[in-house]
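Note sheet for the following structure.
Laboratory data are not the source of any read-out in this text; all were calculated from the coordinates shown. What you see is a predicted model; the values in this text were computed from it and never measured. Reconstructed Cβ throughout: ideal geometry from the backbone, glycine too, with neighbour counts over all protein chains shown.
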Amino acid sequence: MWWEVLRAVLIAVAVTWAALVIALAVVRPKGPLLKEALRILPDLLRLLRRLAADRSLPRGVRVRLGLLLAYLAFPIDLIPDFIPVLGYADDAIIVTAVLRGVVRRAGLGAVRQHWPGSDDGFAALCRLTGLRQGNEQSLGDTAKEP
């Protein structure tokens, strides 16, 4: 009896892990965007911390950012480093995927206000999140064409 429960739990964990690996492979930045994500990762981490502390942002955005920071602080990676490409890039992929949603919800203006890096790094962030850098936006606005 207990063996069957343990086996079912292990199978569920394995299936969930495989689904997450597939999801990360689908949402990963393609080609040079992955290199850009890795290059600006230190600035992204500072940005996440600043955004999570900003009380003017919606609560759901801050919760997502807090969960993301907790994941990044956890010493065990979702994808082990021995898996080619995704192993070392899983943090950048997850940060990029979460940040896409945060930018779309909070607005590019709020993210620009907290960006600690260079203008080139911010342009790379815009490419990673799929938003246009055009006019600075206020909280909650959607991206506009330049």
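Worth a mention:
- When each of Val98, Val103, Val15 is scored by the number of other beta-carbon atoms lying within 10 Å, the sequence from fewest to most is Val15, Val98, Val103.
- Estimated from the Cβ-Cβ distance and a Förster radius of 22 angstrom, the FRET efficiency linking Phe82 and Lys35 is about 0.60.
- By the beta-carbon count within 10 Å of each Cβ, the least crowded to most crowded order of Thr16, Thr96, fewest first, is Thr16, Thr96.
- Which of Arg55, Arg50 has the fewest Cβ neighbours within 10 Å, and the rest in rising order: Arg55, Arg50
- Stretch gain in nm, segment Ala53-Met1, where the contour uses 0.36 nm per residue and the Cα spacing is subtracted: 13.9 nm
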